[in-house]
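What follows is a set of notes on a single structure, which appears directly below.
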Amino acid sequence: MAKATKGIFLPRKVAANLKLTGEQIKLARLRRDISIAQMAERASCSPLTIMRIEKGAPTVAIGIYLRVLYALGLDEDILLLAKNDELGRSLQDIDMVQHKRASKKS
């Protein structure tokens, strides 16, 4: 069953990934010995928002996640999302094999 939060339904795997992301952000904060209040100040949000991020709440805007990652010095990690699109490349390769031909050379 999907997790529901304020009318937002998430597949279990998505909810689990969001929760894991929150836990990883919390661990990064704790490793740096930053309090929730300090993190909130650095990310220009409320302490409640930081707690919601660390619990994996799906209603927190991605921009706030980015501000938190920036405050932790981890903002470049966002560039790793969807970097290796194996499924998309496989689908593209299949389409090229089935429907495309090389141009005729004169």
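Where is the GNM fluctuation largest for the chain (alpha-carbon springs, 10 angstrom cutoff): Lys55, Lys19, Lys83?
Its mean-square fluctuation being the largest, the pick is Lys83.
With the chain treated as a Gaussian network of Cα nodes joined by springs under 10 Å, which of Arg52, Arg29, Arg12 yields the largest mean-square fluctuation?
Checking each option, the largest mean-square fluctuation is seen for Arg12.
Non-local amide H neighbours of Ala57 (under 5 Å, H modeled in plane, Pro and chain starts lacking H): which ones?
none
Taking the full set of protein chains and a 1.4 angstrom probe, give the accessible area of Met96 in square angstrom, rounded to the nearest 10.
Its heavy atoms expose roughly 100 Å² to the probe.
Counting pairs on different chains as well as pairs 8 or more places apart, how many Lys pairs in the chain have Cα atoms under 17 Å apart?
Taking the chain as the scope, the lysine pair count is 8.
How many Å³ per residue does the convex hull of the Cα positions in the chain occupy?
Hull volume normalised by residue count: 161 Å³.
The values are calculated or read from the model by the stated rules, or taken from the named source; none is laboratory data. Small disclaimer: the values here were computed from a predicted structure and weren't measured. Note: areas computed on protein heavy atoms with side chains; ligands, DNA, RNA excluded. Shrake-Rupley method; radii C 1.70, N 1.55, O 1.52, S 1.80 Å.
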